[in-house]
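Structure, as C-alpha cells:
The values are calculated or read from the model by the stated rules, or taken from the named source; none is laboratory data. Note that the structure is a prediction, hence the values are computed from the model and not measured. All Cβ positions, even for glycine, are placed from backbone atoms using ideal geometry, and neighbour counts span all protein chains on display. When the accessible area is computed, the model is the full protein with side chains, heavy atoms only, and any ligands, DNA or RNA have been set aside. Shrake-Rupley method; radii C 1.70, N 1.55, O 1.52, S 1.80 Å.
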Amino acid sequence: MSVPDPVSVSFSAAEEASWYARLPTLFAAAAALFASADGRVLLVKPNYRNHWSLPGGILEHGEPPHEGCRREIGEELGLDITPGRLLVLGWAGLDGKRPRPVMHFVFDGGTLAADTPIRLQAEELDDYRFVEVSQLDDYLPALISARVAAAIRAREGDGAAYLPWPPPPDATS
C-alpha cells in the first residue's frame, strides 16, 4: 500500500481517509507533577482504582497533551495552571486489559504553596495528599512509581525521560 501525500493529486479524499482509518491508534494521557515546598509529591486517590496516582487523565480526541493536562488539573483539583516543561513521556504496551497502548505525558506542575486551595472532583477522586518521595512505592504501582521517579529526576535537571513499559531487558544482564 502506498502512503498518501496530503498534497498529492494522485489520492482521492476517500482513498486518503481510508488509509488513515487503517492506521494503528493508541490512547494518550497527561498528568502533572506537583511538589510541596518541602519536596513531597502530590498524589490523588481515584475512586475507580485501588491505588494512588498523579493528578491528570485521558486526553480528549485531538487535544494537545499540555492542554489536556491543564484541563484535567482544573477538573480534578480546581487549579488553573499552565503546565511547565515535559518531564516524562511514558509508553505502556498492551496489558491484556486495554485494547491499545497508552502514551503518558507528565508535565512539571511546579511547587504548591501550603495554602493553595485544592478542590477535589468528587465524581472521580476520594482524596489527595503530599507524600514523601521515600514512601511513593507504598502508594503507587510499579509503572506509575517509575514514572514519578523519572519525573522527579527530570525536574531536578536530568532532562525529560522516555519510559517504555514494560521496561526493556537490561542490556548488561
**Item:** Selected residue (criterion: modelled with the lowest pLDDT) from residues of region 1-19 that are surrounded by fewer than 10 Cβ atoms within 10 Å (Cβ to Cβ) and not β-branched (Val, Ile, Thr)
**Value:** Met1
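Take Leu43 and decide whether it is of a type outside the set (D, E, K, R) and over 25 Å from Pro167 (Cα atoms).
no
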**Item:** Any hit, region 91-105, residues being closer than 20 Å to Val131 by Cβ, open to solvent by less than 30 Å² (accessible area, probe 1.4 Å) and at pLDDT 95 or above
**Value:** no
**Request:** Report yes if Gln121 is open to solvent by less than 50 Å² (accessible area, probe 1.4 Å), out of contact with any Leu (no Cβ under 6 Å at 6 or more places or on another chain) and not basic (Lys, Arg), otherwise no.
**Result:** yes
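This table checks each residue for (1) open to solvent by less than 10 Å² (accessible area, probe 1.4 Å); (2) modelled with pLDDT under 95; (3) within 15 Å of Val106 (Cα to Cα).
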residue	(1), (2), (3)
Pro24	no, yes, no
Ala31	no, no, yes
Val41	yes, no, yes
Gly57	no, no, yes
Glu60	no, no, no
Gly68	yes, no, yes
**Message:** Where the second residue is modelled with pLDDT under 95 and buried (at least 22 other Cβ atoms within 10 Å of the Cβ) and the first is under 12 Å from Glu76 (Cβ atoms) and lies in region 42-56, which pairs have Cβ atoms under 9 Å and are six or more apart or on separate chains?
**Reply:** none
**Prompt:** modelled with pLDDT of 95 or more, under 13 Å from the mean Cα position of the chain (by Cα) and more than 21 Å from Ala146 (Cβ to Cβ), is that true of Glu76?
**Reply:** no
